[in-house]
Amino acid sequence: SEHATECTCLSGGSPNWGRSNLMQLTDVVYAQGRPSVANRSLEEVRRCCSTCSPSWFHPVDCPLGDVSTLTQTSTAAQCPNRSRHALIVDRWGTSSLYHFLIDTIFPVWTTRAQLMEIHGVAEDAFEVAVYTDHDAGRPRPQFEYLWLRLLGRVGGATRRAATLDGCYSHATYGFLYNQRPIHWPELEQRTFDGSTNLWLRAFRADLGRRFRLPKWHGLADRAMVFIPHSRMPAWLGTDWWKHAPVPMKSQRMESLTMRQQIELIASSSGIFSVEGAAFSHQVFLPPAARLIIAHVPRDGGTCSIGLWHTAVAQYLRFPALDWHVCGDCRGEAILQMMESFVAKTSGAQGVECRAGGCDSGSMRCSNYSELAFNR
């Protein structure tokens, strides 16, 4: 029987963060990335594409290109089997592990998972294709490795929208960009979102499966990883960590492959570093791992706290310390801070602490369940 292509604007995501728009085509045929519209629905698709503005496409316009050039076809003749599905997205943050993993891969993964559930299809029938890469262009090979393991084909190449060919039951443009776990300025209030909580924990479980992360048998024999950073002040880059109250090891991540970085973090008891990309790796940490996030003057500017990483830690139930320090600290003061934090968080999950200056006595701890779940 004949099928007519339909174009639908969808709105989804958590109401806490604002909805994201998706544009979905049903019964569509692609030839080298260009869709052909089936039967009598050409004007409808043109109108839908011109007004939908799916997220995240930048600049926001019709991702089908010049809609006046759309052509018609007959799916009955060309598509006896319409079992394939596609999600077509723009990627951003491609030069930053943090933005690429947390702000792009995670919400794209969430979007695909929800569409698979809605349409009742398995992962092998659902393709994720990249329309455009923004910022610095295509991601570094290290970052592309993450994309392929989570959203592509292991050992294959990233699917590009320009290579789409054949018949698709559904082709959806955009992703639930507003489902990312970190938002500004709400970040200062550390808003907790129940939907993000469920999806980010499911994402963490899927990471464990896809990367075959080791099973958790406690943290007693694991070391916390101290990760040097280009913004790390000289006093913090000394070997004080050799005398820490918990086992520690220092490792520069740039000397490791992405697979080696993941294996290192997955077998550790936590991360200590300056606020930055190092804490993107917290999604690979085992349960109850600790985070110590040092906030130092950034790029010669003011010394302030940005809760980028504790906003994610609250969902993963990690004890996290935002250590706000604007001057020099001696090794003894760092060790006192660590001793206090370890003592307060031993056996605990979901604890957030703040320390000001070098005085560990100024540190206050509170339980995330009190901050978040009683809203």
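The values are calculated or read from the model by the stated rules, or taken from the named source; none is laboratory data. Just so you know, these numbers come straight off a predicted model, no measurement behind them. Reconstructed Cβ throughout: ideal geometry from the backbone, glycine too, with neighbour counts over all protein chains shown. The protein model used for the area step is the full one, side chains on, heavy atoms only, and it has no ligands, DNA or RNA in it. Shrake-Rupley method; radii C 1.70, N 1.55, O 1.52, S 1.80 Å.
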Study note, to complete from the structure: So the pair-distance distribution of the stretch 94-162, from every Cα-Cα distance in 10 Å bins, comes to percents of 19, 55, 24, 3
Study note, to complete from the structure: Sorted by chain and then number, the residues having a modelled amide H within less than 5 Å of the amide H of Thr94, at least 5 places away or on another chain, are His134, Ala136
Practice item. Determine the order of Leu101, Leu10 by accessible area, beginning with the largest, at a probe radius of 1.4 Å. Key: Leu10, Leu101
Check your understanding: Can you pull the accessible area of Thr69 for me, 1.4 Å probe, Å² to the nearest 10?
Key -> 70
**Study point:** Amide H within-cut-off set for Gly270, under 5 Å, with H built and near neighbours excluded
**Key:** Val225, Arg290
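One quarter of the convex hull surface, Cα atoms only: what value does that give for the chain in nm²? Each step should come with its number before you reach the end.
Numbers: hull surface 78.4 nm².
About 19.6 nm², averaged over all directions.
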Exercise for review: Could you work out the local net charge near Leu22, counting Lys and Arg as +1, Asp and Glu as -1, over the other residues with Cβ closer than 13 Å to its Cβ?
Suggested key: +1
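Write down the percent of antiparallel bridges among all DSSP beta bridges whose residues are both part of the chain, to the nearest 5. Let's see the in-between values first.
Details: 22 of 59 bridges.
So the antiparallel bridges in the chain amount to around 35 percent.
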Check your understanding: Can you give me the Cα centroid spacing of the stretch 156-182 and the stretch 198-219 in angstrom?
Key -> 24
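Relative contact order of the chain: what whole-number percent is it, with Cα pairs under 8 angstrom and at least 6 residues apart?
Values: 732 pairs, mean separation 54.2, N = 375.
Relative contact order here is 14 percent.
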Review point. Of the residues Ala161, Ala244, Ala313, which exhibits the maximal mean-square fluctuation in a Gaussian network model of the chain defined by a 10 Å Cα contact cut-off?
Key: Ala244
Revision key, fill the gap. Residue-ordered couplings for the stretch 326-337, obtained by feeding phi - 60° into the Karplus form 6.51 cos²θ - 1.76 cosθ + 1.60 and rounding to whole Hz (Gly and Pro as x), are 9, x, 7, 10, 7, x, 4, 5, 5, 5, 5, 4
Check your understanding: With springs only between Cα atoms under 10 Å, which of Arg112, Arg330, Arg82 fluctuates most in a Gaussian network model of the chain?
Key -> Arg330
Check your understanding: Using only the Cα atoms, what convex hull volume per residue in Å³ does the stretch 83-200 have?
Key -> 107
**Study point:** Choice from Gly120, Gly33, Gly331 with maximal GNM fluctuation in the chain (Cα, 10 Å cutoff)
**Key:** Gly120
Check your understanding: How big is the charge dipole of the chain about its Cα centre, in debye rounded to the nearest 20, if each Lys and Arg gets +1 on its Cβ and each Asp and Glu gets -1 on its Cβ?
Key -> 760
